[in-house]
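Input: a single structure, listed below in structure tokens.
Nothing in this text is a laboratory measurement; each read-out follows from the coordinates by a stated rule. Quick caveat, the model's predicted, so the values are computed rather than measured. Cβ placement follows ideal geometry from the backbone for every residue including glycine, while neighbour counts extend to all protein chains displayed.
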Amino acid sequence: MSPTFLPISLLLCVSPSAFFEDFDDALPNIVLIVSDDAGYADFSFQGSEAMRTPHIDSIAARGVRFAQGYVTASVCSPSRAGLLTGRYQQRFGHEHNFPSNSKESIGLPVEERTLADALDESGYRTIAMGKWHLGYGPALHPLERGFDEFFGFLQGSRSYWPIQGTPRNRLQRDGDAVEEDFAYMTDLLGAEAARSIERCSEEPFFLYLSFNAVHTPMHALEGDLLEVRGPTDRRRRILAAMTAALDRAVGRVLEALRSNDLDERTLVVFVNDNGGAWNNSSSNAPLRGTKGTPFEGGIRVPFLMQWPDVLPGGVTYDKPVSTLDIFATVTAAVGSPAPERPLDGVDLVPFLTERTDAPHRELFWRRKKNFAARVDDWKLVVYKAKPAMLFNILADEREEHDLAGQHPDVVEHLSARYAAWEAEMIPPRWASSAVDPKPGR
């Protein structure tokens, strides 16, 4: 792989910064795009020939591809909690997914400050679209978590077709249910996002576009299925069609930025929420594991960042980074005040433009009794109560060669570092509702 690589709201977009006489036109817009359950290998910028994603590829071509980009959790909701707070979600007990019938008090604790809170305080128009999955109660609604607008649904998954549904999985706009009249959810979200960019082009905005694609159910448009070339397996063909729709929707967003002369000064991030799932036929090759596991295939994800005014283009960055870093990077870019609670991420811009050291020497993951610790090139994994495994990720990203027996001193050191990290965390606030992945390596 070469490193060079529904009705539309007609309301005017009025940001608090419109009332600031000293508004700085140089403030970057922020577009954070999250895909759902996609495989590490299932994009053409990652080398796939079956999954063609030219629009998403263009972000890599004009920006930075992170070869070792990590999320904070191997499942959906806690991963989003870490991303939007810039803090390990275990610090505030948001360690697990929760069911669709969970209590209204369960979700991202109200004490935690989100990226939307920080940007709203900095004069940005803040817009959330798509999948929320951070709580169902009124106090946990996006409009109470720093967002000025919300168009999407609260649950972790839903149909790609119009439904009657329940208040938790049907579409809503700013808390009010909307009549569902659209062809395909992914296209709808892309169109709504593009229109929001057009409405808000005169003010700094933060668009958090959280697709449910390519999470199950496996729904695809017939026209996209007819265009699929390559996969012969039925579910892989459906996945390829769903991925094509995802790419098309991202393309609409990028085109809206270009047509409004915003692309040069907009920081665009594209990232998947966790490793590819086994039940949607995703591929995490060459990595081991799937969604729900602490192996690389569960926590290393497709991760891109584009900011033409600041960052180099067509670059592959090979040191470990984390979605924890998005909060710190964005708030540094806009000059937001430092949060009261310390962040676990760092501003990536200096590392991408001048610094040669790594943004992180240590990263940690915990879910149920499974955990992983990454310290420099070493990674310790404990999974399903089996003895600790040790891998040198730089030499063995597939995690095929357990070196625990050969390096007991390294196992001891990483175990101690994990224990020190865990001592700062709290127990989960609720029990896990997620089904473990199929048995595997």
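Using θ = phi - 60° in the Karplus curve 6.51 cos²θ - 1.76 cosθ + 1.60, the 3J(HN,Hα) couplings for the stretch 29-40 round to 7, 10, 10, 10, 10, 10, 9, 10, 6, 6, x, 4 Hz; x is entered for Gly and Pro. Across q = 0.05, 0.13 Å⁻¹, the chain modelled as identical point scatterers on its alpha-carbon atoms has Debye log10 I(q)/I(0) values of -0.16, -1.17, in the order of the q list.
Separation of the stretch 143-157 from the stretch 158-180 is 12 Å, based on Cα centroids. In the stretch 106-218, Rg over Rh equals 0.96, where Rg is the alpha-carbon radius of gyration and Rh the Kirkwood radius from pairwise Cα distances. Classification of the stretch 219-313 by its C-alpha gyration tensor yields an oblate form. The axis ratio a/c (a ≥ b ≥ c) is 1.5 or more, and b/c is at least a/b.
Taking the Cα centre of the chain as reference, the dipole from Cβ charges on Lys and Arg (+1) and Asp and Glu (-1) amounts to some 1880 debye.
Count the DSSP beta bridges whose two residues both fall in the chain, then state the antiparallel fraction as a percent rounded to the nearest 5.
Taking every DSSP beta bridge within the chain, about 50 percent pair in antiparallel fashion.
Taking amide H positions as modeled 1.01 Å from N, with prolines and chain starts lacking one, the residues under 5 Å from A38 and 5 or more places away or on another chain are V214, D273, N274.
When a/c reaches 1.5 or more, the comparison of a/b and b/c decides; with that in mind, is the stretch 67-153 rounded, prolate or oblate per its Cα gyration tensor?
oblate
In a DSSP loop and with at most 13 other Cβ atoms within 10 Å, the trypsin sites (Lys or Arg not before Pro) in the stretch 366-411 are K369, K384. Taking the Cα centre of the stretch 364-422 as origin and assigning +1 to Lys and Arg Cβ atoms and -1 to Asp and Glu Cβ atoms, the resulting dipole is close to 520 debye. Each Cα pair of the stretch 364-422 feeds into the Kirkwood radius, which the Stokes-Einstein equation turns, at 25 °C and 0.890 mPa s, into a diffusion coefficient of 216 µm²/s.
Amide H to amide H, with H built 1.01 Å from N, S322 comes under 5 Å of Y70, counting only residues 5 or more places away or on other chains. If you take the alpha carbon atoms of the stretch 328-441 and fit the smallest convex hull around them, that volume is 163 Å³ per residue.
Here is how the number arises for the chain: DSSP H runs of 4 or more residues each give -39500 (n - 2.57), the sum is divided by the residue count, and the result at 222 nm is -7500 deg cm²/dmol. For the stretch 85-127, GluC sites (Glu not before Pro) meeting the loop criterion (DSSP other than H, G, I, E, B) and having at most 10 other Cβ atoms within 10 Å: E111. Derived scalar couplings between HN and Hα for the stretch 56-73 equal 5, 4, 5, 5, 5, 5, 9, x, 10, 9, 8, 6, 10, x, 10, 9, 8, 8 Hz in order, rounded to whole Hz, by the Karplus curve 6.51 cos²θ - 1.76 cosθ + 1.60 (θ = phi - 60°), x for Gly and Pro.
Summing charges over neighbours of S58, with a neighbour being any other residue whose Cβ is under 11 Å away from its Cβ, gives -2 when K and R count +1 and D and E count -1. Sites listed here are trypsin sites (Lys or Arg not before Pro) in the stretch 258-352 whose DSSP assignment is loop and whose Cβ has at most 14 other Cβ atoms within 10 Å, and the list is empty. For the stretch 161-262, what does the alpha-carbon gyration tensor say about shape, rounded, prolate or oblate, given a ≥ b ≥ c as the root eigenvalues, a/c under 1.5 as rounded, and a/b over b/c as prolate? Since a/c reaches 1.5 but b/c is at least a/b, the shape of the stretch 161-262 is classed as oblate. Sequence-ordered 3J(HN,Hα) estimates for the stretch 143-149 from the Karplus curve with 6.51, -1.76 and 1.60 and θ = phi - 60° stand at 5, 9, 10, x, 8, 7, 9 Hz, glycine and proline given as x. For the residue pairs K131/K368; K319/K369; K131/K386, the C-alpha atoms sit more than 30 angstrom apart in K131/K386.
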